[in-house]
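Contents: one structure, followed by commentary.
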Amino acid sequence: MSKVRIGVVGAGSVAQRGILPHLSQADVADKIELVAVCDPAPGRAQAAAAKFGLPQHFTDYHDFLAHADVDLITLATPIGMHYQQGRDAIDAGKHVHFNKTMTTTAAEATDLIDRAAATGRKLVASPGEMNRPHNQAIKQLIADGAIGDLCWAVCGASFGRYHENEIYRTGSDPLSTVDPSWYYRKPGGGPLYDMTVYALHGLTGILGPAHRVTAMSGVRLPFREFRGEMVPCDADDNTLILIDFGNHTFAMAYGVPAGGLTDDDNVHFYGTHGSIVGLNLNGQPFAYPQRSLAESHPDGIWAGHQWILPYATTPHHAIAEHHVFVDIMQLVDWVRTGTPAVATAEHARHVVEIIEAGLRAAATGQTQVLTTTFPA
């Protein structure tokens with residue numbers, strides 16, 4: 001296949017600030033053709049198609065599946081919709097990229113994996129955190145004994161209010177009135193599924209599959225305000241998960257409304273001979289490919305990590321969400337050339353199970369044994 005025809009499902013914040021701009025750049029035009037966009041909000045798909053030059057736009061997903069001239073779909077929709085939309089796409093013969101998080105349960109992810117395998121479709125699930133050079137370097141440092149025997153790690157994210165304040169939600173036209181309410185509701189809402197998922201992909205990508213979890217969790221903020229209206233919240237927003245990696249090696253992952261122990265989705269590791277905290281080994285910067293380029297970013301090294309991802313050539317530097325673009329392009333290359341992607345559905349399923357089992361452990365008071373795995 002010389003070019004892969006792509007359809008974008010969901011024209012909300014992540015699609016507007018990242019997916020559509022990246023896929024519209026001239027340097028990927030030899031590999032892809034951006035064909036269609038689908039969104040149920042009145043006028044949004046049409047406006048997005050006009051802005052980014054797409055020939056087709058749809059408001060109904062099943063109409064999109066039946067009539068959009070696409071080979072590959074990227075789902076930029078609320079997480080709770082991913083399973084059914086992914087299943088329908090696979091059954092329609094499409095390859096599928098899932099924006100994080102792939103599904104809300106491991107059983108859903110398994111069904112999608114099995115359906116894709118049975119039909120020859122390919123699946124990629126963001127976030128591909130092991131595409132990041134610093135995570136590959138950390139994995140090697142730990143394997144080489146740079147901090148002695150690893151004892152424990154910590155990672156997580158704080159929800160804050162950033163979804164309410166995005167420019168795509170505070171205007172008056174179809175592209176700037178995107179409702180964030182789903183982030184606070186089941187299924188698929190809350191900081192674990194939306195944000196902690198990054199750190200969990202990094203943690204498990206570095207340490208491998210986990211064995212069991214236990215947790216405390218609940219809804220700390222039952223209401224949030226958006227455009228002067230109070231939005232009821234039923235998705236857990238205050239969660240601490242303890243994760244057992246075997247041999248008495250543990251980690252804590254958090255998804256909370258405020259505060260945090262780590263920055264920028266990174267993981268802190270502590271061993272008998274030292275620590276890896278952020279981008280420092282025992283307090284000193286450690287080396288990894290293109291670190292100097294990342295450090296040159298005007299907004300700092302963490303922002304610069306977007307520049308050193310695969311496919312992130314200069315035309316993409318000013319666009320957000322590079323990591324999503326990378327995962328989509330790796331699926332494109334998998335379809336075109338047979339080169340598998342880093343962000344596998346099996347890895348995503350394992351992270352989904354950690355989240356799902358953590359919430360179940362909190363609800364039942366019982367430690368949960370994990371049943372999924374992935375090639376580490």
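With N set to the residue count of the stretch 247-376, report its C-alpha Rg divided by 2.2 N^0.38 Å to two decimal places. Working shown, then result.
Numbers: Rg = 18.1 Å, N = 130, 2.2 N^0.38 = 14.0 Å.
Ratio of Rg to 2.2 N^0.38 Å for the stretch 247-376: 1.29.
What share of the DSSP beta bridges in the chain is antiparallel, in percent to the nearest 5?
Values: 31 of 58 bridges.
Bridges in the chain that DSSP calls antiparallel: roughly 55 percent.
What Kirkwood hydrodynamic radius, in Å, does the stretch 113-242 give when the mean of 1/r is taken over all pairs of distinct Cα atoms and then inverted?
On the way: mean 1/r = 0.0565 Å⁻¹.
Computed over the stretch 113-242, the radius equals 17.7 Å.
With each label point set 7 Å from Cα along the Cα-Cβ vector, what nm distance links Arg360 and Gln84?
Taking the simple label geometry, Arg360 and Gln84 are separated by 2.2 nm.
Summing +1 for each Lys or Arg and -1 for each Asp or Glu, what net charge is found among the other residues whose Cβ lies under 13 Å from the Cβ of Ala106?
Values: positive: Arg349, Arg360; negative: Glu108, Asp111, Asp114, Glu346, Glu353, Glu356.
Cβ neighbours under 13 Å give a net charge of -4.
Whole Å is fine, so just give me how far the alpha carbon centre of the stretch 301-338 lies from that of the stretch 208-254.
29
Under a Cβ-Cβ cut-off of 13 Å, what is the net charge of the residues other than Gly120 that fall near it, where Lys and Arg count +1 and Asp and Glu count -1?
Working: positive: Lys94, Arg115, Arg121, Lys122; negative: Asp71, Asp91, Asp114.
Residues close to Gly120 contribute a combined charge of +1.
When Lys and Arg each count +1 and Asp and Glu each count -1, what net charge do the other residues less than 10 Å away from Val178, Cβ to Cβ, add up to?
On the way: positive: Arg44, Arg169; negative: Asp39, Glu166, Asp179.
Net local charge, Val178 excluded: -1.
Straight-line reach from Lys3: which lysines have a Cα under 29 Å away, not including same-chain ones fewer than 8 places off?
Correct list for Lys3: Lys31, Lys51, Lys94, Lys100, Lys122.
Where is the GNM fluctuation largest for the chain (alpha-carbon springs, 10 angstrom cutoff): Gly18, Gly80, Gly300?
Greatest mean-square fluctuation among the candidates belongs to Gly300.
State the extension gain, in nm to one decimal, for the chain segment bounded by Thr339 and His248, taking 0.36 nm per residue of separation less the distance between their alpha-carbons. Mind showing how you got there, number by number?
Working: separation 91, 0.36 × 91 = 32.76 nm, distance 3.63 nm.
Value of the extension gain: 29.1 nm.
How far, in nm, would the chain grow between Trp152 and Ala303 when pulled straight, counting 0.36 nm per residue and subtracting the alpha carbon separation? Could you put the intermediate results ahead of the total?
Values: separation 151, 0.36 × 151 = 54.36 nm, distance 2.67 nm.
Net length gain for the segment: 51.7 nm.
Within the chain, which DSSP H helices have Cα atoms that stretch 24 Å or more along the helix axis and a mean Kyte-Doolittle hydropathy of at least -0.5? Walk me through the numbers before you get to the answer.
On the way: long enough: 345-364 (28 Å, 0.25).
Helices passing the filter in the chain: 345-364.
Label Thr170 and Thr367 with points 7 Å out from Cα along Cα→Cβ: what is the distance between them in nm?
Result: 4.7 nm between the two label points.
Can you list the aspartates and glutamates whose alpha carbon is less than 17 Å from that of Lys139, not counting same-chain residues fewer than 8 positions off?
Within the straight-line cut-off, Lys139 pairs with Glu129, Asp149, Asp265.
Using only the Cα atoms of the stretch 161-299, build the gyration tensor, take square roots of its eigenvalues as a ≥ b ≥ c, and label the shape rounded, prolate or oblate: rounded if a/c is under 1.5, else prolate if a/b is larger than b/c, else oblate.
Working: a/c = 2.81, a/b = 1.45, b/c = 1.94.
It comes out oblate by the Cα gyration axes.
Assuming 0.890 mPa s and 25 °C, estimate D for the chain with Stokes-Einstein, Rh taken as the Kirkwood radius over Cα pairs, in µm²/s. If you can, show how the numbers build up before the last one.
Working: Rh = 21.1 Å.
Value of D from the Cα-based Kirkwood radius: 116 µm²/s.
Give me the percent relative contact order of the stretch 1-110, please, defined on Cα pairs under 8 angstrom at least 6 residues apart. It would help to have the intermediate numbers written out before the result.
Working: 188 pairs, mean separation 29.8, N = 110.
27 percent.
Report, to two decimal places, the Cα Rg of the stretch 52-153 normalised by 2.2 N^0.38 Å (N = number of residues).
Values: Rg = 18.1 Å, N = 102, 2.2 N^0.38 = 12.8 Å.
Output field value: 1.42.
For Gln284 and Arg161, what is the calculated FRET efficiency with R₀ set at 22 Å and r taken between the beta-carbons, to the nearest 0.05?
Numbers: r = 35 Å, r/R0 = 1.60.
E between Gln284 and Arg161, to the nearest 0.05, is 0.05.
We did not get these values from a lab; they are worked out from the coordinates using the rules stated. Every value quoted in this text rests on a predicted model; they were computed, and no experiment measured them. Cβ sites come from the backbone with ideal geometry, for glycine too, and all protein chains shown count toward neighbours.
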